[in-house]
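Notes follow the structure.
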Amino acid sequence: VDAFQAWCGPCKTVVDLFQKIRNKVGSDDLHFAVAEVDSIDALEKYRGKCEPVFLFYAGGELVAVVRGVNAPLLRKTILEQL
């Protein structure tokens, strides 16, 4: 989940990265979503930050967090979690 604030918008450059990884891995277990933290109370702790935050969930539980756009770290985290 790309957790973003309305004033800065979702990280569009990462969408391409996720699509490439999904196409390469071909896994139905990989889903990408965006969430505006200003309108979701459960994500309140991510408000007021100017960096993108990527939340990784498995089985309904938060399993990893990547702060900032770091393509190698995002790729590594995705593949580890799959």
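The values are calculated or read from the model by the stated rules, or taken from the named source; none is laboratory data. Because the structure is a prediction, the values reported are computed rather than measured. Glycine also receives a Cβ, built like all others from the backbone with ideal geometry; neighbour counts cover every protein chain displayed. These accessible areas exclude ligands, DNA and RNA; they are computed on the full protein's heavy atoms, side chains included. Shrake-Rupley method; radii C 1.70, N 1.55, O 1.52, S 1.80 Å.
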Query raised in the report: Which loop-located trypsin sites (Lys or Arg not before Pro) does the stretch 14-57 contain, where loop means any DSSP state but H, G, I, E or B and the Cβ has at most 14 other Cβ atoms within 10 Å?
Result: 47
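Placing +1 at every Lys and Arg Cβ and -1 at every Asp and Glu Cβ, with all other atoms neutral, what dipole size does the chain have around its Cα centre, in debye to the nearest 20? Let's see the in-between values first.
Working: 10 positive and 11 negative charges, 80 e Å.
Its charge dipole is roughly 380 debye.
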Query raised in the report: So how long is each side of the chain along the principal axes, counting just the alpha-carbon atoms, biggest first, in Å?
Result: 34, 26, 17
Report summary line: Expressed as a percent, the accessible surface of the chain that is carbon or sulfur, using a 1.4 Å probe and the full set of protein chains, is 51 percent
Query - Length-normalised contact order for the chain - Cα pairs under 8 Å, 6+ apart - percent - result: 33 percent
**Report entry** Whole-number accessible area per residue in Å² for the chain, which is evaluated in the context of all protein chains at 1.4 Å
**Finding:** 65 Å²
Report summary line: Rounded to the nearest 10, the angle in degrees between the Cα long axis of helix 12-25 and the longest principal axis of the Cα atoms of the chain comes to 30 degrees
Query raised in the report: What's the local net charge at residue 38, with K and R +1, D and E -1, over the other residues with C-beta under 15 Å away?
Result: -1
Query raised in the report: Given H placed on each backbone N at 1.01 Å, which residues far from residue 40 in sequence or on other chains put an amide H within less than 5 Å of it?
Result: none
